[in-house]
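Read through the structure below, which is laid out as structure tokens, and then see the notes.
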Amino acid sequence: MNPYDIILPKDIYQLAQIHIMITKKLDAIWAEYTEFCMGLNYLPSTTLIFPILFSELDFYESLLGRVRAHLPEEILRELHYDDI
């Protein structure tokens, strides 16, 4: 799936909700990635997971960038403040 094929809503509230969902998803992926890396014992057999993982991260980061482009600056500041 291409993140640029996804139709985004026009409503600012819905875009903010999508922003929150994507941010939580990215946090979960990074947490899973770091937990996975902490348990690595044999690197060569695990290297196949990295292209999949980074493809997923790229997808969500690209989608998040599209959402951010449509949100007003004050909403983005509030969302960033909530993340801290």
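The values are calculated or read from the model by the stated rules, or taken from the named source; none is laboratory data. Small disclaimer: the values here were computed from a predicted structure and weren't measured. Ideal geometry is used to build each Cβ from the backbone, glycine not excepted, and the neighbour counts take in all protein chains shown.
Just so you know, in segment 45-80 the residues that are closer than 13 Å to Asn2 by Cα and among the hydroxyl-bearing types (Ser, Thr, Tyr) include one that is surrounded by the most Cβ atoms within 10 Å (Cβ to Cβ), and it is Tyr60.
Candidates in segment 1-44 are the residues that are surrounded by 10 or more Cβ atoms within 10 Å (Cβ to Cβ) and small (Gly, Ala, Ser); of these, the one that is farthest from His70 (Cα to Cα) is Ala31.
Report, by residue number, each residue of segment 54-84 that is modelled with pLDDT under 85 and part of a helix (DSSP H, G or I). Full working, then the answer.
We begin by selecting, within segment 54-84, every residue modelled with pLDDT under 85; these are 80-84.
Residues satisfying the conditions are His80, Tyr81, Asp82, Asp83.
Of the residues making up segment 60-80, those that are of a type in the set (D, E, K, R) and over 11 Å from His19 (Cα atoms) are Glu73, Glu74, Arg77, Glu78.
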